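Provided herewith is a single structure, encoded as structure tokens, for subsequent inquiry.
The values are calculated or read from the model by the stated rules, or taken from the named source; none is laboratory data. Here the structure is a predicted model, which is why all the values come from computation and not from measurement. Ideal geometry is used to build each Cβ from the backbone, glycine not excepted, and the neighbour counts take in all protein chains shown. Only protein heavy atoms, including side chains, enter the accessible area calculation; ligands, DNA and RNA are left aside. Shrake-Rupley method; radii C 1.70, N 1.55, O 1.52, S 1.80 Å.
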Amino acid sequence: MSTTEFFFSSAATTMCAKLNLYDVAFSLFCLFVFSSLVQKLTAKGPMLWPVFGIFPSLIMHSNCLHEWITKALIDNRGTIPFRGLALGGSRGIVTADPVKIEYMLKSKFHNFPKGKYYRERFSELLGEGIFNADDQSWKHQRQAAATVMHSVRFVEYSTESMQDLVHKKLLKVLENLVESKVCIDLQELLLRFTFDNICVAAFGVDPGCMSIGLPDVPFAKAFEEATESTLCRFMVPPFVWKALKFFDLGFERRLKESVKVVHDFAAKTVQERKKELAAQDQDINLDEKFDLLSRLVSLEKGGKNGYFSDKLLEDFCISFILAGRDTSSVGLAWFFWLVSIHPHVEKNILQEIHDILCLRQQKDVKNSNIIFTTDELHKMVYLQAALSESLRLYPPVPFDFKEVLEDDVFPDGTTVKSGDKVLYSIFSMARMESVWGSDCREFKPERWIKEGAFVSENPFKYAVFNGGPRLCVGKKFAYTQMKMVTASVLARYSIQVVEGFEVAPKTTTTLYMKNGLMVRLVPRN
């Protein structure tokens, strides 16, 4: 072959190769567009892109994710399908249908566990703790938690510790900040308070987050970093966070470092408590130590459980802290904001507090000396209604999900396959007229009161505290804590949000306020 022939032959081969490459790329593009159009025209719910699934839609609506999902659910009778990235393998449905939620949480509870997807993401932080467990492990821990938390001793201890933290820490810090005439990030302050409170209840240890000056506490800081890094795993595909974990990079590196601090603290506390209790007579320690850890150790020591290893004690208490820290503080922040923009609700709460105080024999108690008793808190029906209504509109955990164990069919005929994820949006359910009526978006405590008494709602319509076998064992603890904080603060201060301050939910698995809650506290006469 001559040089000229060889040149033209090579050129022709190269052109054919390029032409084939262009043809393939163009064909794939056309296929992508055609598939997208077909999906848009035939499927219900948000756009599920070829290869990328729902991910691009989530990014486009990341600033208003909860409202966007709510609209999609309303437009599609409460249930929509979803599919994640092709390499992620995530698929299933999103729902706000109380019937489906009851089916998952109660009727077919065994077929909708938390599942591997959830447990894998929380494995470093929570281990085998109750918040991350399924099956027999969960049952054992649930029974132990119920035994301890419903005991008279724990209820008395937790109530007294709340009173101490409110009056000796929270109110003192607020008084100091008011005297300094500074604006307060109330959400951040409440996070500190609930962290101290839940640590005292779980470990019998006060971390000191609410000390005057609001110091940084290594354990508290590490716990917050560990929580935030863990939540990042829910925001990215598995191959991303697993790669970061393998190479020890980014948020996975922060997670590893912070988890070590958290578990070192928990391990040290468990060992010290066991030594302390071992040095005492059993009857004496039962009368002296009432925190969750001490009670569990005492149950083990008395041969009444025989299940908790040292590691599981650590995991259990860390789960308890996670469940109690963010939920109560976030719920309180939204409550104070709602009350500040609904003066008539604030007026009704103050009137109820005034009426209850008037029943006291000593009626000339100054605001600064008011300490509410458990019985007085129980009588605060309107306050409990306002808190419940706030939690309805702004649930601390805006959505939850289950993993399908075996193929199943919901009562309305919706089918799910083994391995599917079923997300249920508690935030969206509160905004659906089909569930809560035409006034569903209104802050209306009165919807919880009938003939002067507080009336609970169907837990599958109001899934803030979960439902069925996994109904929150700390529900009573949470209400007592929130009522004590809100009554004590509102009796002393009017809360005024800084003018022009933007209040909006943050796009995470916990409904934090994106910018915090900057307020001024005005002392009442």
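Give SER123, SER107 a once-over and let me know the one that is open to solvent by 20 Å² or more (accessible area, probe 1.4 Å), within 18 Å of the chain's Cα centre (by Cα) and free of Cβ contacts under 8 Å to residues at least 12 places away in the same chain.
SER123
Now for a different question. Just to be sure, is PHE154 surrounded by 20 or more Cβ atoms within 10 Å (Cβ to Cβ) and in contact with a helix residue (DSSP H, G or I) (Cβ under 6 Å, 6 or more places away or on another chain)? Talk me through it step by step, then tell me what you get.
Numbers: surrounded by 20 or more Cβ atoms within 10 Å (Cβ to Cβ): no; in contact with a helix residue (DSSP H, G or I) (Cβ under 6 Å, 6 or more places away or on another chain): yes.
No; evaluated as a whole, the condition is false for this residue.
Same structure again: Mind listing just one residue for me: the one in the stretch 213-233 that is part of a loop (DSSP other than H, G, I, E, B) and within 23 Å of LEU177 (Cβ to Cβ) and, of those, most open to solvent (accessible area, probe 1.4 Å)?
ASP216
Which of the residues that make up the stretch 480-489 are under 18 Å from GLU389 (Cα atoms) and crowded, with 20+ Cβ neighbours inside 10 Å?
Quick first cut of the stretch 480-489, residues under 18 Å from GLU389 (Cα atoms) only: 480-487.
Scanning the stretch 480-489 gives GLN481, MET482, LYS483, MET484, VAL485, THR486, ALA487.
Mind telling me which of the residues VAL522, VAL473 ends up being β-branched (Val, Ile, Thr), open to solvent by 10 Å² or more (accessible area, probe 1.4 Å) and over 22 Å from the mean Cα position of the chain (by Cα)?
VAL522
Answer yes or no: is there a residue in the stretch 452-460 that is β-branched (Val, Ile, Thr) and open to solvent by 30 Å² or more (accessible area, probe 1.4 Å).
yes
In the stretch 366-396, how many residues are part of a helix (DSSP H, G or I) and touching a His at 6+ places or on another chain (Cβ under 7 Å)?
The initial filter retains those residues of the stretch 366-396 that are part of a helix (DSSP H, G or I), namely 367-369, 374-378, 381-393.
From the residues that got through so far, the ones that are touching a His at 6+ places or on another chain (Cβ under 7 Å) too are none.
Matching residues across the stretch 366-396 total 0.
Testing GLN187 on (1) open to solvent by 10 Å² or more (accessible area, probe 1.4 Å); (2) assigned to a helix (DSSP H, G or I); (3) modelled with pLDDT under 90, one condition comes back false. Which one is that?
With (1) open to solvent by 10 Å² or more (accessible area, probe 1.4 Å); (2) assigned to a helix (DSSP H, G or I); (3) modelled with pLDDT under 90 applied to GLN187, the lone miss is (3).
Okay, next question. Taking PHE460 as the residue in question, decide whether it is assigned to a loop (DSSP other than H, G, I, E, B) and either farther than 23 Å from LEU471 by Cα or of a type in the set (Gly, Ala, Ser) (or both).
For PHE460, the condition - assigned to a loop (DSSP other than H, G, I, E, B) and either farther than 23 Å from LEU471 by Cα or of a type in the set (Gly, Ala, Ser) (or both) - is not met.
Criterion first (surrounded by fewer than 17 Cβ atoms within 10 Å (Cβ to Cβ) and under 22 Å from the mean Cα position of the chain (by Cα)) does GLU406 satisfy it?
Taking the combined requirement at face value, the residue does not satisfy it.
Which pairs do you get when a residue that is on the phi < 0 side of the Ramachandran plot and in a loop (DSSP other than H, G, I, E, B), found in the stretch 46-65, comes within reach of a residue that is open to solvent by less than 30 Å² (accessible area, probe 1.4 Å) and among the small types (Gly, Ala, Ser), reach meaning Cβ atoms under 7 angstrom, with the pair 6+ apart or on two chains?
PRO46/SER57; PRO46/ALA72; MET47/SER57; PRO50/SER36; ILE54/GLY84
Is it fair to say ILE371 is among the hydrophobic types (A, V, I, L, M, F, W, C) and crowded, with 17+ Cβ neighbours inside 10 Å?
Working: among the hydrophobic types (A, V, I, L, M, F, W, C): yes; crowded, with 17+ Cβ neighbours inside 10 Å: no.
Judged against the criteria, ILE371 is not a match.
Within the stretch 70-82, identify whether any single residue is assigned to a helix (DSSP H, G or I), touching a residue at least 24 places away in the same chain (Cβ under 8 Å), out of contact with any Phe, Trp or Tyr (no Cβ under 9 Å at 6 or more places or on another chain) and open to solvent by less than 50 Å² (accessible area, probe 1.4 Å), and answer yes or no.
Yes; the residues of the stretch 70-82 include at least one that is assigned to a helix (DSSP H, G or I), touching a residue at least 24 places away in the same chain (Cβ under 8 Å), out of contact with any Phe, Trp or Tyr (no Cβ under 9 Å at 6 or more places or on another chain) and open to solvent by less than 50 Å² (accessible area, probe 1.4 Å).
Here is a further query. Among the residues of the stretch 238-294, which ones are modelled with pLDDT under 85, within 25 Å of HIS150 (Cβ to Cβ) and not in a helix (DSSP H, G or I)?
GLN280, LYS289
Count, please, the residues in the stretch 126-150 that happen to be surrounded by fewer than 18 Cβ atoms within 10 Å (Cβ to Cβ) and closer than 19 Å to LEU377 by Cβ.
1
Next question, about the same structure. If we keep just the residues of the stretch 481-525 that are of a type in the set (Lys, Arg) and not in a helix (DSSP H, G or I), which is modelled with the lowest pLDDT?
Keep residues of the stretch 481-525 that are of a type in the set (Lys, Arg), which gives 483, 492, 506, 514, 520, 524.
Still in the running and not in a helix (DSSP H, G or I): 492, 506, 514, 520, 524.
On the way: ARG492: 95, LYS506: 87, LYS514: 91, ARG520: 95, ARG524: 90.
Going through the qualifying residues, I end up with LYS506.
Also, quick follow-up: Any residue at all in the stretch 494-517 that is under 21 Å from the mean Cα position of the chain (by Cα), open to solvent by 50 Å² or more (accessible area, probe 1.4 Å), more than 30 Å from CYS183 (Cα to Cα) and not acidic (Asp, Glu)? Quick ask: steps written out before the conclusion?
Initially, the stretch 494-517 is screened for residues under 21 Å from the mean Cα position of the chain (by Cα), giving 503-517.
If we keep only those that are open to solvent by 50 Å² or more (accessible area, probe 1.4 Å) as well, we get 506, 514-515.
Narrowing the set further to residues that are more than 30 Å from CYS183 (Cα to Cα) leaves none.
Checking the stretch 494-517: not a single residue is under 21 Å from the mean Cα position of the chain (by Cα), open to solvent by 50 Å² or more (accessible area, probe 1.4 Å), more than 30 Å from CYS183 (Cα to Cα) and not acidic (Asp, Glu).
For the stretch 437-449, indicate whether the set of residues that are hydrophobic (A, V, I, L, M, F, W, C) and within 16 Å of the chain's Cα centre (by Cα) is non-empty.
No, the stretch 437-449 has no match at all.
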